[in-house]
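My questions will all concern the structure given below.
The values are calculated or read from the model by the stated rules, or taken from the named source; none is laboratory data. All values reported here derive from a predicted model rather than from experimental measurement. Virtual Cβ from ideal backbone geometry, glycine too; neighbours counted across all protein chains shown. Ligands, DNA and RNA are excluded from the accessible area calculation, which covers all protein heavy atoms including side chains. Shrake-Rupley method; radii C 1.70, N 1.55, O 1.52, S 1.80 Å.
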Amino acid sequence: MSPRVDVSGPPLVRIEGVTRRFGPVVAVDRVSLDIPENAFYALLGPSGCGKTTLLRMIAGFEQPDEGRILLDGEDMTRVPPNRRPVNMVFQSYAVFPHMTVWKNVAYGLEVTGVPQGEIRRRVEEALALVRLEGMEARRPHQLSGGQKQRVALARALVKRPRLLLLDEPLSALDRKLREDMQMELVRLRHEVGITFLLVTHDQDEALSMADRIAVMNAGRVLQVADPRTLYEQPRTRFVAEFIGTANLFEGRVVARCDGTVRVRMEDLGEVRLPAESVGNGTHLRLALRPEKWRVDPERPPAADLAVAARLVEMAYHGDTSRLHLEAGGRRLVAVVHNARRGGDPRLVPGARVWLGLAVADLVVLED
Amino acid sequence: MESWRAAPAVFWITLVPGVVWLLVFFFAPLALIWLLAFGERAGPVAIDITWTLDNYRQALDPLYLGLFWKSFRIAAVATAICLVVAFPVALAVTFADGRVKPLLLMLVVLPFWTNLLVRTYAMIAVLRTRGYLNSGLEYLWMAAKTVATPLGLGELFGDRFRPLEILYNDPAVIFGIVYVYLPFMVLPLYATLERLDRSLLEASLDLGASHWRTFWRVIVPLARPGIVSGVILVFVPALGTFLISDLLGGPSSQLIGNVIERQFKAANNVPLGAALSFLLLYATFVALALWAWSNERMRRRAG
Ligand SMILES: Nc1ncnc2c1ncn2[C@@H]1O[C@H](COP(=O)(O)OP(=O)(O)OP(=O)(O)O)[C@@H](O)[C@H]1O
Ligand SMILES: [Mg+2]
């Protein structure tokens, strides 16, 4: 999203084959990542997949059992947390309860011997940045969750770190506030020019905020890509299902001839795929995003594959509706946009509809 | 919380035994002593409550006031030493591995398993002129002298080992109080530190503070409730102690507790003893109030 991100240059952070075990649990398993300077980088994965552990190793609170962490090309692995040019916004905020807002923000400057005048200037600046002016004298127990969040943010930003680590900073906020803070973070990031590394298990958050996302599961990084690629070109079944929803199909190669492969998609029919996307196997797995279906009461003439289906259930989401359908003995999901007020009157449970797909929308998964 | 306030029956029913106990065994005797302070001896055991102020007048004698002051000083020094010794202990237990934690806590309260009198006598055996400590020191002295003599340094050691006079003086009393009341400091400190949110300490390190600074600027201020309870739990009993000063102190180490004890027992002057007791009680209140006030002021200035 940001044109300033230069993925080709030397990375700000390089994580090299990092592993961390807790007894029998391998929390982080041979992870290698490059985080480019100025990126808004997101680590996305389900609960317990090792995101916090990885972040804590970058901050210096955990030591990797194997591997190295480099910052600006320098090995940081043995550097204690208070000497790393990295700051963290904790999952629980960790705002000091015995200090006022002002003292909280000034703390990181005071303990490193920044002169008083500069402290005053920078704290004011940081509080303005997170829009907390006028709250300097308050104590944390007099603040709302979102305000505490901002204090934690200002406290880290005032240090002008090379890298800002954010551990699910928005997960405790209600939806509206979360969306506001998301916008705020994106704005902040452009104003301060600091590299952000955001941990989240919320795929919408990652997709809308980050310009690079690493998807993790069970301690491993499965795919690193920009949001669009991640959504449109998931490489594995896990990524396809974790980011948004996907209709998955088992495919069997029926025939190969001059650059195209005929693949049978379960009982739904056959499609022709370009050979280079298929590989040499005889079985493959295909994914289709639900909004890629063309839902039509009549048979769609232009579709590469048309499937007759029965509408089982319908969930209304305001801007879209999610249709649960049955075709060829299996469940399918489709999403339609409610562009017209009232929606399509023919889409009622029990209705017979046609689903059409374009081959270009099908994704061939690696597993 | 609110819903609990709406169900007062739970509180009343569970409160009754405690309230009765306190009324019968604490407030009633206390009221009795308060009354006796206004009495006159009318015979070997009989005391008439005449509402005389003579006992208080006598209790305010400079001799007693000096003892009050000395008891305060000794209790304050002992409490301060307790705090300094107990903080690292409590911190170490807090950060100890979960498996050894119960063991460490047990070690802290282990001295409670023996009677105070036994413990104090044991301390005498260690500290007295020909006790274990001095025997050990003498052994080291002899060894050092044997080594030093061939080197021509034997002169430095003198011709006779002079045992340290560590018993029967004020430092011995302070040492005894610290030893006996240390667990009362460690336990409340531990209880507060245990509840401390670890991510606050990490946040402090993350913001560039050293461990030392984190200790002073985050751990100590947040341990304040534990410090307050610990100080009260040590200071108040230390102020009234008589057994420790009796056994470990010298003739000049008498504390106000010893005087009060003597009035009730040997001197059989219960009214004076009662008046002295209540003066001590009032003084303790004032001391704690002053301390709480200065504490609060410091806290406000720090925030
Ligand atoms: N200190 C620890 N001791 C033992 N196991 C741990 C410790 N910290 C993390 N783990 C384990 O390591 C794995 C990864 O934990 P981690 O906290 O990194 O997950 P996460 O991705 O941040 O999850 P969440 O989204 O719930 O915060 C989990 O299985 C967890 O139980
Ligand atoms: Mg986590």
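Residue by residue through the range B:272-303, note down the ones that are farther than 14 Å from B:Leu60 by Cβ and over 23 Å from the mean Cα position of the chain (by Cα).
B:Arg297, B:Met298, B:Arg299, B:Arg300, B:Arg301, B:Ala302, B:Gly303
Taking into account only those residues within the range A:87-96 that are within 21 Å of the chain's Cα centre (by Cα) and of a type outside the set (Gly, Ala, Ser), which is nearest to ligand 2 (Cβ to nearest atom)?
A:Gln91
For A:Glu232, indicate whether it is over 25 Å from A:Asp29 (Cα atoms), touching an Asp or Glu at 6+ places or on another chain (Cβ under 9 Å) and open to solvent by 60 Å² or more (accessible area, probe 1.4 Å).
So A:Glu232 fits the description; yes.
Now a separate question. Out of the residues in the range A:321-345 that are small (Gly, Ala, Ser) and either in a strand (DSSP E or B) or under 26 Å from the mean Cα position of the chain (by Cα) (or both), which is nearest to A:Asn247 (Cα to Cα)?
Result: A:Ala334.
Still on this structure, please answer the following. If you scan the range B:195-216, which residues turn out to be touching a Leu at 6+ places or on another chain (Cβ under 9 Å) and among the aliphatic types (A, V, I, L, M)?
Result: B:Leu196, B:Leu200, B:Leu207.
Moving on to the next point. Please go through the range A:175-210 and give me each residue that is among the acidic types (Asp, Glu) and within 22 Å of A:Ile58 (Cβ to Cβ), ordered by number. Before the answer, list the steps.
Initial filter on the range A:175-210 (among the acidic types (Asp, Glu)): A:179-180, A:184, A:191, A:202, A:204-205.
Matches in the range A:175-210: A:Asp202, A:Glu205.
Something else now. So which helices (runs of 4 or more DSSP H) are wholly in the range B:86-167 and hold at least 2 residues that are within 28 Å of B:Phe235 (Cα to Cα)? Please lay out each step first, then the result.
On the way: elements: B:101-109, B:116-127, B:132-148.
Qualifying helices (runs of 4 or more DSSP H): B:101-109, B:116-127.
Hey, another quick one. Just name the residue that is farthest from the other protein chains (Cβ to nearest Cβ) out of those in the range A:193-213 that are within 12 Å of ligand 1 (Cβ to nearest atom) and open to solvent by less than 10 Å² (accessible area, probe 1.4 Å).
A:Thr200
Since B:Glu202 meets every condition but one in (1) part of a loop (DSSP other than H, G, I, E, B); (2) charged (D, E, K, R); (3) closer than 30 Å to B:Val108 by Cβ, which condition does it not meet?
For B:Glu202, the failing item is (1).
Now a separate question. Can you find, within the range B:182-199, the residue that is nearest to B:Leu110 (Cα to Cα) among those that are facing another protein chain (nearest Cβ under 10 Å) and in a helix (DSSP H, G or I)?
Per the stated criteria, the residue is B:Arg198.
Residues in the range A:84-114 that are in contact (Cβ under 8 Å) with a residue 12 or more places away in the chain and charged (D, E, K, R): how many?
Result for the range A:84-114: 1.
Oh, and also: Does the range B:196-235 hold any residues that are surrounded by 19 or more Cβ atoms within 10 Å (Cβ to Cβ), hydrophobic (A, V, I, L, M, F, W, C) and closer than 30 Å to B:Ala125 by Cα, and which are they?
Listed by number, the residues that qualify are B:Val231, B:Val234, B:Phe235.
Then there is this: Looking only at the range B:225-232, decide whether some residue is within 14 Å of chain A (Cβ to nearest Cβ), of a type outside the set (A, V, I, L, M) and under 19 Å from the mean Cα position of the chain (by Cα).
So far as the range B:225-232 goes, yes, one or more of its residues are within 14 Å of chain A (Cβ to nearest Cβ), of a type outside the set (A, V, I, L, M) and under 19 Å from the mean Cα position of the chain (by Cα).
State the number of residues belonging to the range A:275-296 that are assigned to a loop (DSSP other than H, G, I, E, B) and open to solvent by 50 Å² or more (accessible area, probe 1.4 Å).
Number of matching residues: 2.
Have a look at A:Val254, A:Val261, A:Val271 and point out the one that is open to solvent by less than 20 Å² (accessible area, probe 1.4 Å), out of contact with any Phe, Trp or Tyr (no Cβ under 8 Å at 6 or more places or on another chain) and more than 23 Å from A:Leu325 (Cα to Cα). Steps first, please.
On the way: A:Val254 fails: open to solvent by less than 20 Å² (accessible area, probe 1.4 Å); A:Val271 fails: more than 23 Å from A:Leu325 (Cα to Cα).
Criteria check complete, one pass: A:Val261.
While we're here: Hey, among A:Gly60, A:Gly73, A:Gly48, A:Gly67, which residue is within 12 Å of ligand 2 (Cβ to nearest atom) and assigned by TED's automatic domain parsing to the domain that holds A:Lys159?
A:Gly48
Answer yes if at least one residue in the range A:105-126 is in a helix (DSSP H, G or I), of a type outside the set (Ser, Thr, Tyr), more than 14 Å from every other protein chain (Cβ to nearest Cβ) and surrounded by 15 or more Cβ atoms within 10 Å (Cβ to Cβ), and no otherwise.
Of all residues in the range A:105-126, those in a helix (DSSP H, G or I) come to A:105-110, A:116-126.
Filter once more, keeping what is of a type outside the set (Ser, Thr, Tyr): A:105-106, A:108-110, A:116-126.
Now drop any that are not more than 14 Å from every other protein chain (Cβ to nearest Cβ), which leaves A:116-118, A:120-121, A:124-125.
Checking which are surrounded by 15 or more Cβ atoms within 10 Å (Cβ to Cβ) leaves us with A:124.
Yes, some residue in the range A:105-126 is in a helix (DSSP H, G or I), of a type outside the set (Ser, Thr, Tyr), more than 14 Å from every other protein chain (Cβ to nearest Cβ) and surrounded by 15 or more Cβ atoms within 10 Å (Cβ to Cβ).
Taking the range A:167-211 as the search range and keeping residues that are among the hydroxyl-bearing types (Ser, Thr, Tyr) and within 14 Å of ligand 2 (Cβ to nearest atom), which one is modelled with the lowest pLDDT? If you could, list the steps in order and put the result at the bottom.
Taking the range A:167-211 as the starting set, the residues that turn out to be among the hydroxyl-bearing types (Ser, Thr, Tyr) are A:171, A:195, A:200, A:208.
Retained after the next criterion (residues that are within 14 Å of ligand 2 (Cβ to nearest atom)): A:171, A:200.
Numbers: A:Ser171: 80, A:Thr200: 91.
Out of the qualifying residues, it is A:Ser171.
Quick check: anything in the range A:27-43 within 16 Å of ligand 2 (Cβ to nearest atom), among the small types (Gly, Ala, Ser) and touching a strand residue (DSSP E or B) at 6+ places or on another chain (Cβ under 8 Å)?
yes
Among the residues of the range A:166-182, are any charged (D, E, K, R), open to solvent by less than 30 Å² (accessible area, probe 1.4 Å) and in a helix (DSSP H, G or I)?
Scanning the range A:166-182 turns up no residue that is charged (D, E, K, R), open to solvent by less than 30 Å² (accessible area, probe 1.4 Å) and in a helix (DSSP H, G or I).
Another question, then. Among the numbered criteria (1) without any contact (Cβ under 8 Å) to a residue 60 or more places away in the chain; (2) open to solvent by 40 Å² or more (accessible area, probe 1.4 Å), which single criterion is violated by B:Leu187?
Of the numbered conditions (1) without any contact (Cβ under 8 Å) to a residue 60 or more places away in the chain; (2) open to solvent by 40 Å² or more (accessible area, probe 1.4 Å), the odd one out for B:Leu187 is (1).
Another question, if that's okay. How many residues does the range A:297-339 contain that are exposed (fewer than 12 other Cβ atoms within 10 Å of the Cβ), of a type in the set (Gly, Ala, Ser), in contact (Cβ under 8 Å) with a residue 40 or more places away in the chain and within 21 Å of A:Asp361 (Cβ to Cβ)?
Selection size over the range A:297-339: 1.
What's the number of the condition B:Asn295 fails, among (1) within 14 Å of chain A (Cβ to nearest Cβ); (2) free of Cβ contacts under 8 Å to residues at least 60 places away in the same chain?
Failing condition for B:Asn295: (2).
Where in the range B:1-75 are the helices (runs of 4 or more DSSP H), entirely inside, with at least 3 residues that are under 29 Å from B:Val236 (Cα atoms) and in contact (Cβ under 8 Å) with a residue 40 or more places away in the chain?
So the answer is B:28-36, B:54-59.
Another question, if that's okay. Consider A:Asn82 carefully, then state whether it is open to solvent by 20 Å² or more (accessible area, probe 1.4 Å) and at the interface with chain B (Cβ under 10 Å from one of its Cβ atoms).
Yes.
Moving on. Which one is nearest to ligand 1 (Cβ to nearest atom), of the residues in the range A:36-59 that are open to solvent by less than 10 Å² (accessible area, probe 1.4 Å) and within 14 Å of chain B (Cβ to nearest Cβ)?
Applying the filter and picking the extreme gives A:Leu55.
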